[in-house]
Amino acid sequence: MFRHFDRKQQRELAGCEANHIICAKRHQFFFFVSGVTFSYGTAGFRADGLKLSSTVFRAGVLAALRSLKTGYAVGLMITASHNPITDNGIKIADPDGGMMAQDWEPFADALANAPDPQSFVKLVLHFAKEENISLSRESSAVILLGRDTRPTGESLLEAAKQGIKCIIGSVALDMGIVTTPQLHWMVRSKNMGMKASESDYFMQLSESFRCLMDMIPKEMTVKGIVTQLMVDGANGVGGDKLEQLKTLLTGLQIQVKNTSKQGEGILNEGVGADYVQKEKVPPRCFGPNDIGLRCASLDGDADRLVYFRISKINSSSIDLVDGDKILSLFALFIKAQLHCLNKSESDGLRNVLPARVGVVQTAYANGASTDYLKQLGLEVVLTPTGVKYLHKKAAEYDIGIYFEANGHGTILFSEYFLSNLQKMGNDLASSNAGSEPHKAALRLLAVSKLINQAVGDALSGLLLVEVVLQYMGWSMQNWIELYDDLPSRQLKVKVADRTAVITTNAETKVVQPFGLQQAIDAETAKYHQGRCFVRPSGTEDIIRVYAEAFSQEAADSLARSVSQHVDHFLGFRTSQKSD
Ligand code: 16G
Ligand code: MG
């Protein structure tokens, strides 16, 4: 059902408080999708791409308000990440390049679900008043727009532009087809007064990569670590961008398969980081010819990264190197650089630079990785699932390293730490140039430029992995052997109402329904090294069950029996009985 803003509404809007105007033209994008409730969820609104234009139009209005509220540019990205090609989605990047502030999510939900233009306009005006947002002609919003390669992206981009136009004086800057992390990076850079185009992004990544490669210790370069990397681009935007980026890199030979070029395959179908990590099989176009090679996989919008190696014994199975092992590799490297930086010199006069390092994971992190990180002496904290939680926690440290097992993650450096590091680097350049502490300072500074400070980024993460492997002189085998993952199993349970499950302690314990946690505990106690938790998915209408134990059979059995408990407590049979 399409509805228009009528003349009366326009008069009302034009007449509301001193020049507060919402220009309600181009209203063909306003319609109400009955039977669907939109929720901003873990990572924005997602649905069938053909049903999303009204939601994207509304998100355009939302983004413009967010920009007016903060006084800075914000981002609006049209993507549904690893979802099927027919889906699409929309999310907003805040001025610092991170996710939209969580306290705006209820407003986003209300806007997305407004049943008619009148209620929509009312909501906008009410919220603007409550948040002290001036809708006058003098204030202007700036919104950077990006989209991935999905076929519905182009028309949704138009819907977003029309939504943005509704707030008079707003400026929409179309950044074209970009990865999600590129758009977040652009927003952050623009607001910091730095160059923010795609070529600036490629330049920053390739220059900091070169700087790090130039400082690989000689003894490691003679070890002849393989510099060849095979990359699965999920048939999406990440593969295309890597093709461009790799032309600026030296010291690394990248072959990209599964770009978005015609004939290469369908976005996310049998390819991509989510597929590889969940199914534990090689993506399409990878086979016996790739056995033993170092391979990486990006997801559909290139904010997830996992590595894998095709097994010698069975070319349809892989050794997976997930986000936990990427995190562990990065943590080792950062720790080594800090150690070097603070190593006492013979004169004993040099100042040290203390750094509070924090590692952030979710309950999905394999128990073996958490043990490994703790053994390194690192502070490890868990947050609920979703980048917005991990990122926020990591930002509390001087150096915060966060990763989800599924490959989302980055390393955050505090401004305070970076300015001290810069000072120390300068001092060392004049007193002790070329020394190990000096190199460590330069390396850390280069890492802070290479690794995306706005959000997890598969392209910059991949370059850092490659640098660190070279620095350590490590083969893929060394990395795989860093620790042995505990066998694990994930299952989905369809229930009558997933919101009936309420969790606490970073989703590791169930609070409601009462009795379910006791049942989980009783099952878990039956297995050596058993660990199990359940949580409602933020992206699908299901409950997820995760189990870990000493053997694969044990993990499978624990996951199965806990799924049965979930079904018993919440399944359709239960709800029918109680009806
Ligand atoms: C989204 C989240 C990801 C999370 C996943 C969990 C972002 C950018 N992405 O993909 O962090 O791990 O959802 O999905 O926040 P689930 O709630 O369905 O398990
Ligand atoms: Mg993604």
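The values are calculated or read from the model by the stated rules, or taken from the named source; none is laboratory data. Note that the structure is predicted; figures quoted are calculated from it, not measured. Cβ atoms come from the backbone with ideal geometry, glycine included; neighbour counts cover every protein chain shown.
Quick look at the numbers
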item: ASP232 in the same structural domain as ASP290 (by TED's automatic domain parsing) and among the charged types (D, E, K, R); result: yes
item: Any hit, the range 461-475, residues being in contact with a helix residue (DSSP H, G or I) (Cβ under 9 Å, 6 or more places away or on another chain), within 16 Å of ligand 2 (Cβ to nearest atom) and under 25 Å from ARG188 (Cα atoms); result: yes
item: Some residue of the range 110-121 being in contact with an Asp or Glu (Cβ under 9 Å, 6 or more places away or on another chain), farther than 26 Å from PHE413 by Cβ, hydroxyl-bearing (Ser, Thr, Tyr) and more than 14 Å from ligand 1 (Cβ to nearest atom); result: no
item: Complete set of residues in the range 547-557 that are among the polar types (S, T, N, Q) and either assigned to a loop (DSSP other than H, G, I, E, B) or in contact with a Gly (Cβ under 8 Å, 6 or more places away or on another chain) (or both); result: SER551
item: Helices (runs of 4 or more DSSP H) wholly inside the range 427-546 containing at least 2 residues that are modelled with pLDDT of 95 or more and closer than 30 Å to ARG560 by Cα; result: 516-524
item: Residue that is surrounded by the fewest Cβ atoms within 10 Å (Cβ to Cβ) [pool: residues in the range 216-239 that are of a type outside the set (Val, Ile, Thr) and at pLDDT below 95]; result: LYS218
item: Matching option when the condition is touching a residue at least 12 places away in the same chain (Cβ under 8 Å), within 16 Å of ligand 1 (Cβ to nearest atom) and assigned to a strand (DSSP E or B), among TYR364, TYR402; result: TYR402
item: Which numbered condition GLN422 fails, given (1) in contact with an Asp or Glu (Cβ under 8 Å, 6 or more places away or on another chain); (2) outside any loop (DSSP other than H, G, I, E, B); result: (1)
item: Test set (1) touching a Lys or Arg at 6+ places or on another chain (Cβ under 7 Å); (2) within 22 Å of GLY153 (Cβ to Cβ) - ILE90 fails condition number; result: (1)
item: Number of positions in the range 505-550 that are within 12 Å of ligand 1 (Cβ to nearest atom) and either assigned by TED's automatic domain parsing to the domain that holds GLY44 or more than 16 Å from LEU382 (Cα to Cα) (or both); result: 10
item: Residue satisfying all of: in the range 50-106; part of a loop (DSSP other than H, G, I, E, B) and small (Gly, Ala, Ser); nearest to ligand 1 (Cβ to nearest atom) among these; result: SER81
item: Checking THR250 against (1) of a type in the set (Val, Ile, Thr); (2) more than 22 Å from the chain's Cα centre (by Cα); (3) buried (at least 24 other Cβ atoms within 10 Å of the Cβ), the condition it does not meet; result: (3)
item: Within the range 282-307, considering residues that are more than 15 Å from SER475 (Cβ to Cβ) and surrounded by fewer than 18 Cβ atoms within 10 Å (Cβ to Cβ), the one nearest to ligand 2 (Cβ to nearest atom); result: CYS285
item: Hey, ALA363 closer than 30 Å to THR504 by Cβ and among the aliphatic types (A, V, I, L, M) or not; result: yes
item: Some residue of the range 308-324 being surrounded by 23 or more Cβ atoms within 10 Å (Cβ to Cβ), over 30 Å from GLN255 (Cα atoms) and of a type outside the set (Gly, Ala, Ser); result: no
item: Sole residue being over 25 Å from TRP185 (Cα atoms), touching a residue at least 40 places away in the same chain (Cβ under 8 Å) and within 21 Å of the chain's Cα centre (by Cα), chosen from LEU450, LEU382; result: LEU382
item: Residue match in the range 115-125 (condition: over 25 Å from the mean Cα position of the chain (by Cα), basic (Lys, Arg) and assigned by TED's automatic domain parsing to the domain that holds LYS161); result: yes
item: Close pairs (7 angstrom Cβ cut-off, 6 or more residues apart or separate chains): farther than 17 Å from SER311 by Cβ in the range 270-289, acidic (Asp, Glu) and buried (at least 20 other Cβ atoms within 10 Å of the Cβ) anywhere; result: VAL271/ASP232; GLY272/ASP232; GLY272/ASP299; ALA273/ASP299; ASP274/ASP299
item: Hey, LYS526 surrounded by 13 or more Cβ atoms within 10 Å (Cβ to Cβ), more than 16 Å from ligand 2 (Cβ to nearest atom) and charged (D, E, K, R) or not; result: no
item: Residue that is nearest to ligand 1 (Cβ to nearest atom), among those in the range 298-312 that are under 30 Å from GLY176 (Cα atoms) and either in a loop (DSSP other than H, G, I, E, B) or outside the structural domain of ALA273 (by TED's automatic domain parsing) (or both); result: ASP303
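For (1) within 16 Å of ligand 1 (Cβ to nearest atom); (2) at pLDDT 90 or above; (3) part of a helix (DSSP H, G or I); (4) touching a strand residue (DSSP E or B) at 6+ places or on another chain (Cβ under 8 Å), each residue gets a yes or a no:
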residue: ASN268; (1), (2), (3), (4): yes, yes, no, yes
residue: VAL271; (1), (2), (3), (4): no, yes, no, yes
residue: ASP274; (1), (2), (3), (4): yes, yes, yes, no
residue: ALA296; (1), (2), (3), (4): no, yes, no, yes
residue: ASN314; (1), (2), (3), (4): no, no, no, no
residue: HIS339; (1), (2), (3), (4): no, yes, yes, no
residue: PRO354; (1), (2), (3), (4): no, no, no, no
